[in-house]
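**Q** Got a structure for you, questions after.
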Amino acid sequence: RLYDRPTVPMTTEPATQSFARARVERLIAGVRIGLAAAGLFGILLVPEATRFPQLTDALYGGYLAYALAIAVIMWRRDSTGRLPLVLHVADIVTASVLQCLTTRTASPLYIYFVFALFSAALRWGWQATLRTAAVVFPLFLVLGAFLNATQGVAGFDPNRFISRAVYLVVVTVVLVFLGQHEARLREEIRRLARWPVPAGTDWTDNIREILQYGAGILGAHDVALIWSEDEEPWRYVAFARSDARIERLPPVSFDPIVPADLTD
């Protein structure tokens, strides 16, 4: 049955990946709209929280309109091409500008930097998260120094500033760890889906190839296959090692095959 199994081409894989990336863009677009709307509501509710209320209101209104327009454009588009990268840079620049217009580093607008980190992780994985953090974290420090120099003690809360800087580092570490874990899972699933189909007439080489592939998935040094046939009084043993041969042993060998303390 194993040797007669047909090879099924994975023709749906590119379409599935494109659909998944499109879902990522829709999620990012929805979160961007929510952040823009919440920020605009907060500024209108507490106008004294900004240094230039009219300019900030206009920027927030424009950012909300921009977020809605981008959602329409990206609703059926995936993360390929240059446009997602342009949007990513625009989100970081917008976060920096809005942070400069607030009256203090305790502003909740630093959440836009966290949004940029999550967007990078969803779009491109943990490597992009690290590169984004290498830009976002220095920007946050520079903005803090700028607000401290321009507003003094009244606009600079060192305790909250340090705690939020640490928070950005922690978020980056967690996202990188989750990204690496997700990449390992994807690789394992990919290898399981592309299980080798036996070819040729030498079934001993086919068994060894399958065992080597399974050992790679498990990360095992070696894998053993032990079996017997109904009409033959022999027990066969095969290993994944390239120099190993299939051994034919007496039926009492490896009896029982599974040790008693592992049977459960």
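The values are calculated or read from the model by the stated rules, or taken from the named source; none is laboratory data. Everything numeric in this text was worked out from a predicted model, so none of it was measured. Every residue, glycine as well, gets a Cβ built from its backbone with ideal geometry; the counts of neighbours run over all protein chains shown. Surface areas here come from the heavy atoms of the whole protein model, side chains and all, with no ligands, DNA or RNA. Shrake-Rupley method; radii C 1.70, N 1.55, O 1.52, S 1.80 Å.
**Q** Stretched out fully, how many nm does the piece from E188 to S242 gain, at 0.36 nm a residue minus the Cα gap?
**A** Numbers: separation 54, 0.36 × 54 = 19.44 nm, distance 2.21 nm.
The span from E188 to S242 would gain 17.2 nm if fully extended.
**Q** Taking the Cβ-Cβ separation of L55 and Q127 as r and a Förster radius of 25 Å, what is the calculated FRET efficiency to the nearest 0.05? Before the final figure, lay out the partial values.
**A** Details: r = 36 Å, r/R0 = 1.46.
E(calc), rounded to 0.05, equals 0.10.
**Q** Now a separate question. Could you tell me which GluC sites (Glu not before Pro) in segment 199-264 are loop residues by DSSP with no more than 14 other beta carbons within 10 angstrom of their beta carbon? Write out the running numbers ahead of the final one.
**A** Working: sites: E209, E229, E231, E247; in loops: E229, E231.
Those satisfying the criteria are E229, E231.
**Q** Taking all protein chains in place and a 1.4 Å probe, what share, in percent, of the accessible surface of segment 197-264 do carbon and sulfur account for? Write out the running numbers ahead of the final one.
**A** Numbers: 2580 of 4890 Å².
With neighbouring chains kept in place, the figure for segment 197-264 is 53 percent.
**Q** Multiply the residue gap between W195 and L218 by 0.36 nm, knock off their C-alpha separation, and tell me the result in nm, one decimal place.
**A** Working it through step by step, the gained length comes to 7.0 nm.
**Q** Report the percentage of all Cα-Cα pairs in segment 118-264 whose separation exceeds 25 Å, rounded to a whole percent.
**A** Numbers: 6346 of 10731 pairs.
Distances greater than 25 Å cover 59 percent of the Cα pairs.
**Q** Just to be sure I understand the model, the point goes 7 Å from the Cα along the line to the Cβ. What's the resulting F177 to L27 distance in nm?
**A** With each label point 7 Å from Cα toward Cβ, the separation is 1.9 nm.
**Q** With label points built 7 Å along Cα→Cβ from the Cα atoms of L141 and T80, find their separation and express it in nm.
**A** For the pair L141/T80, the computed spacing is 3.9 nm.
**Q** Could you tell me which trypsin sites (Lys or Arg not before Pro) in segment 184-264 are loop residues by DSSP with no more than 15 other beta carbons within 10 angstrom of their beta carbon?
**A** On the way: sites: R184, R186, R190, R191, R194, R208, R235, R241, R245, R248; in loops: R194, R241, R245.
Within segment 184-264, the qualifying trypsin sites (Lys or Arg not before Pro) (loop, at most 15 other Cβ atoms within 10 Å) are R194, R241, R245.
**Q** Separate question: Report the FRET efficiency, 1/(1 + (r/R0)^6), for W234 and F19, where r is their Cβ-Cβ distance and R0 is 51 Å, rounded to 0.05. Spell out each step's value before the answer.
**A** On the way: r = 51 Å, r/R0 = 1.00.
Using R0 = 51 Å, I get an efficiency of 0.50.
**Q** Taking 0.36 nm per intervening residue step and subtracting the Cα-Cα distance, what contour gain separates D264 from F41 on full extension? Walk me through the numbers before you get to the answer.
**A** Working: separation 223, 0.36 × 223 = 80.28 nm, distance 5.98 nm.
The span from D264 to F41 would gain 74.3 nm if fully extended.
**Q** Now, a different point. From Cα coordinates alone, what are the radius of gyration and Dmax values for segment 200-264 in angstrom?
**A** Using the Cα atoms of segment 200-264, the pair Rg, Dmax is 13.0, 39 Å.
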